[in-house]
Amino acid sequence: MILRRATLLLAVALVVSACGGGMTGVPTPGPTPAPGGIGTVAGTAAAHATALPVVGPVRRAGPAGPVRPVRRTAGRPVYIPGQLVVKFRAGAPAASVSALHTQVGASLVSTIDRLGVHVIRLAAGADQDAAMSAYRASPIVEYVERDAYAYATAAVTPNDPFYVPDQSWHYGMINLATAWNVTTGSAAVIVAVLDTGIRDDHPDLIGITSGTSSHNFFNNADNGNYRDPGCPSDPRDLSHGTHVSGTIAALTNNNQGVAGVNWGGAAGTKIMTLRVLGEHLPAFPCGSGSFSDIARAIMYAADHGAKVISMSFGGGGPDPTVDSAILYAFNLGVTLVAAAGNDTCSPPNSVEYPASNPNVIAVAAVGPGPAHAGYSSCGPEVAVASPGGDGSCDPGCFVWSTTWSPNTGFVYAGFQGTSMATPHVSGVVALMLSRGITGPANIRSILQSTASCTGLASCPGIQYGAGVIDAGLAVGAAANAGRLCAFTGSISGTTITRQSPNPAPHLQDNGAFTIPNAPSGTWSVFIWQDVNNNGMVDTGDAYGRRDNVAIFQNVTNTLTSAMQVQTYGTGALVGAPILSVPGGATCP
């Protein structure tokens, strides 16, 4: 394996210095403002550049298998022959349930106990419509559906075994280096990857599954054999799940291989790999699975500590059992992310399921440029877009990551598809969680409000959702002045009392701010971003303060030097107490 030495990229951060009274002293309040006495404060915030080591371009080891077109769902079988999903009503007697299965001539395959769902298989040659009618006629049955296939939404195109220029173009597109300036992930955050399994013995993935409850659900299994076994019918086929997992959390800054959105390793974000895809159909030997297995895996992930569920597959839908599992996980605070699909943007093709579920963040794909990837499905359900690769400028336009096959062993390979776009978003969500940003609805809102439409026609829209994700803005990296707000007030102990009107004005992109209608007197000026939206100045927030600023009625006080801001809990603010800001949630 030939590697290029790590390079340094510059990332911008707003950094503190103790100006005009410092960051921790309590100012002496000035005279009580006269009724109606208001003035204006204007100024700028300063930025300071810092260096951050990141992994640069790499060379791939060895050949990586056949060239494949983008895998599409259209034309593939929709339903699993002879397999049904039966939802029983609450309190249905076990004896009655068993008797009904016997009456229909069905054998029990697996159960999803919390949902009251049974997966059953009919005898060979049985009349499936008659069996479904018998279940529907029973008063103890809520619904019965055919179990459907889901398919991995990626393609492998590893056609250049040599040096790949600009291997990390996709990370630059999402402003990842800026996010890394404030967080590289946390071992407390677990991302559940529902896929073909993972080869966590890949040299660039060692330790990323440690401490998680990784599990195998594929083809109604229920065991710990979560590693991708490869495809018996095609040992050249590369591991889809290993590629996806590497994008999220490959070991980073280790002079080897590729970088992950989160830096994996002993202290890095962990992957709970849940195998739900594999060799399900001889005609489609790799990357297919059943919705019933997926529902069980979603429930399991939510019950075993996952805070993100990443799903790089899609199929027909909706499916009521998977819908119930998604709602269960969502209500437990889990953020679910899924691939929009690879069936192009031409009607009647639309966003595939489960990405089309309203509680799932649907991800479309873009290639370098950025530009809409021609294979990417689109529709009103798309929340955001992210890099998925585009083979039009092979090899530098693919997404490169870790993978494996029985034929090649451990390699790095270029893939393209909405499967590759999805783990970029899942990884950024994990970075957000490491910053204390929680709640699936809140996370979706921040991803969309910070997304970029720069260079994209018809954006926002059905091709891109709100735009291409921006990791730096999503995690609240202080380099973005437009996410900071300014207000006047006082601090006593650990409480900041706002004096200027609420909400506070946000800074302009160049760092300039103007606080109108500020009560006259001698106050402090605060600059703040409540990154985790909890109404408190705490670790990870951007924070700065200037004390003893005089405000006079009908006068604008323009500060003569730039206010400087730093990430709270770093530098001069290490060990600083948490400050409460009543009404502070209006300064996101």
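Worth a mention:
- With the convex hull drawn around the C-alpha atoms of region 463-546, the volume per residue stands at 117 Å³.
- Computed with a 1.4 Å probe over protein heavy atoms only, the accessible area of Trp180 comes to about 20 Å².
- Sum of side-chain charges, Gln566 neighbourhood, beta-carbon under 12 Å (Lys, Arg +1; Asp, Glu -1): 0
- Where a label projected 7 Å from the Cα of Ser233 along Cα→Cβ would reach, residues of region 294-312 with amide N under 11 Å: none
- Our analysis of region 269-387 gives Rg over Rh at 0.97, with the two radii drawn from alpha carbon positions and Rh computed by the Kirkwood formula.
- Amide H to amide H distances under 5 Å link Ile361 with Leu336, Val337, Ala338, where only residues 5 or more positions off or on other chains count and H is placed in the peptide plane.
- Derived scalar couplings between HN and Hα for region 129-143 equal 5, 5, 5, 5, 5, 5, 5, 5, 6, 7, x, 8, 9, 7, 7 Hz in order, rounded to whole Hz, by the Karplus curve 6.51 cos²θ - 1.76 cosθ + 1.60 (θ = phi - 60°), x for Gly and Pro.
- Solvent-accessible surface of region 171-272, taken per residue with a 1.4 Å probe and all protein chains present: 29 Å².
- P(r) of region 229-329 over all Cα-Cα pairs, binned every 5 Å from zero, in whole percent: 2, 11, 18, 19, 18, 16, 10, 4, 1, 0
- Region 371-462 - percent of accessible surface contributed by carbon and sulfur, probe 1.4 Å: 53 percent
- Long-range tail of P(r) for region 310-366 (Cα pairs > 12 Å, %): 63 percent
- Protection proxy ranking of 143-149, 551-557 - average other beta-carbon atoms within 10 Å, highest first: 143-149, 551-557
- Subtracting the Cα-Cα distance of Thr454 and His506 from their residue separation scaled by 0.36 nm leaves 16.6 nm.
- Modelled FRET efficiency - R0 30 Å, Gln103 with Ala124, Cβ distances, 0.05 increments: 0.95
- Accessible area per residue for region 379-464, computed on protein heavy atoms with a 1.4 Å probe, is 27 Å².
- Within the accessible area of region 191-271 (1.4 Å probe), percent carbon and sulfur: 47 percent
- Per residue, the convex hull spanned by the Cα atoms of region 449-588 amounts to 128 cubic angstrom.
- Equivalent-ellipsoid semi-axes for region 328-473 (Cα gyration tensor, √(5λ), whole Å, largest first): 23, 19, 15.
- Size descriptor, Kirkwood hydrodynamic radius, that averages inverse alpha-carbon separations across region 383-466, Å: 14.7 Å
- Here region 76-128 is treated as a sphere whose radius is the Kirkwood value from Cα pairs; by Stokes-Einstein at 4 °C and 1.567 mPa s it diffuses with a coefficient of 109 µm²/s.
The values are calculated or read from the model by the stated rules, or taken from the named source; none is laboratory data. These numbers were taken from a predicted model, which means no experiment stands behind them. Backbone-built Cβ (ideal geometry, glycine too); neighbour counts: all protein chains shown. Ligands, DNA and RNA are stripped out before the accessible areas are found, and what is left, the full protein with its side chains, is counted by its heavy atoms. Shrake-Rupley method; radii C 1.70, N 1.55, O 1.52, S 1.80 Å.
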